[in-house]
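The block underneath contains the structure these notes are about, expressed in structure tokens.
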Amino acid sequence: MPGIDVYWLPLGAGGHSVRLNGHVYEALVARVERRRRYDLYHSALVAHVATGSYVVEMAPVRDAAGASRGVVAEGAVGTHLAGRLRIFRCEIRRWLGGAIPDVAEAVDSPRRLSGDQATAFRLLDLVAEVPTPVWGRDELHAGEMWNSNSLTSWLISRAGLDVEAITAPLGGRAPGWNAGLVGARAHA
């Protein structure tokens, strides 16, 4: 079936370091904002079209074989200077036949965003146009950092889908979501 699905993965699924850092980050932000803590989620998309299914996501650079994972862009993590080292780089993938790591841990997923093949093709075309500000920084002055959720919301918005109707799973939040919307409005 053609269309677009979003997957919500708990931050740090499959690993301990990111999960621990995410819990510490959310505890600090919740304290500063004087609110309760939420579960944090990372998002990824799958676009189903006539030529196959494409995984669209932002993830750490694993190795120099990015072409085999459909990598269309890379960006720095933390600072531009640190981004010279592979360990401080992330990649944006448009991966035909790809897999979302730890998809078995996804919550309330997949969620169908569209059943229209033309919209799915439009979203896939837009992946190569996504901005690459420094991951984990607020270079767009959106009030939050750029990350994988920013990529997802940027693409959904630019593809013409109703981004306001999409929410993180109950009891959770998707940091960076608004940064993608700010970036999409600026790009338009």
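Bear in mind that the values in this text are calculations on the coordinates, not laboratory data. Here the structure is a predicted model, which is why all the values come from computation and not from measurement. Note: ideal-geometry Cβ built from the backbone for every residue, glycine included; neighbour counts use all protein chains shown.
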Worksheet item: Cβ under 12 Å from Ala120's Cβ, Ala120 left aside: what net charge do those residues give with Lys, Arg +1 and Asp, Glu -1?
Response: 0
Worksheet item: If one computes the Cα centroid of region 86-156 and of region 17-67, what distance in Å separates the two points?
Response: 9 Å
Fill in: Near-label residues of region 135-159 by backbone N, under 18 Å of a point 7 Å along Cα→Cβ of Val103
152
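For the chain, what is the percent of antiparallel DSSP beta bridges, rounded to the nearest 5?
Antiparallel bridges make up about 90 percent of those DSSP assigns within the chain.
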Worksheet item: Cα-Cα pairs above 17 Å in region 1-104: how many percent?
Response: 62 percent
Worksheet item: Can you list the residues of region 131-149 with backbone N under 17 Å from a point 7 Å past the Cα of Leu28, pointing along Cα to Cβ?
Response: 135-139, 143-147
Worksheet, complete the sentence: The answer for Ser114, listing residues at least 5 apart or on another chain whose modeled amide H is closer than 5 Å to its amide H, is Ile4
Worksheet item: Between Arg19 and Arg112, what FRET efficiency comes out of the Förster formula 1/(1 + (r/R0)^6) with R0 = 35 Å and r the beta carbon distance, rounded to 0.05?
Response: 0.80
Worksheet item: Could you put Ser114, Ser53, Ser68 in order, starting from the residue whose Cβ has the fewest other Cβ atoms within 10 Å?
Response: Ser68, Ser53, Ser114
Item to complete: Run the numbers on region 33-181 and let me know its relative contact order in percent, using alpha-carbon pairs under 8 Å that are six or more apart.
Response: 28 percent
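When the helix-only estimate is applied to the chain (DSSP H runs of n ≥ 4, each -39,500 (n - 2.57), divided by the residue count), what is the mean residue ellipticity at 222 nm, nearest 500 deg cm²/dmol?
After summing the helix terms and dividing by residue count, I get -8000 deg cm²/dmol.
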Worksheet item: Counting other Cβ atoms within 10 Å of each Cβ, which trypsin sites (Lys or Arg not before Pro) in region 34-78 have at most 15 and sit in a DSSP loop?
Response: Arg34, Arg35, Arg36, Arg37, Arg62
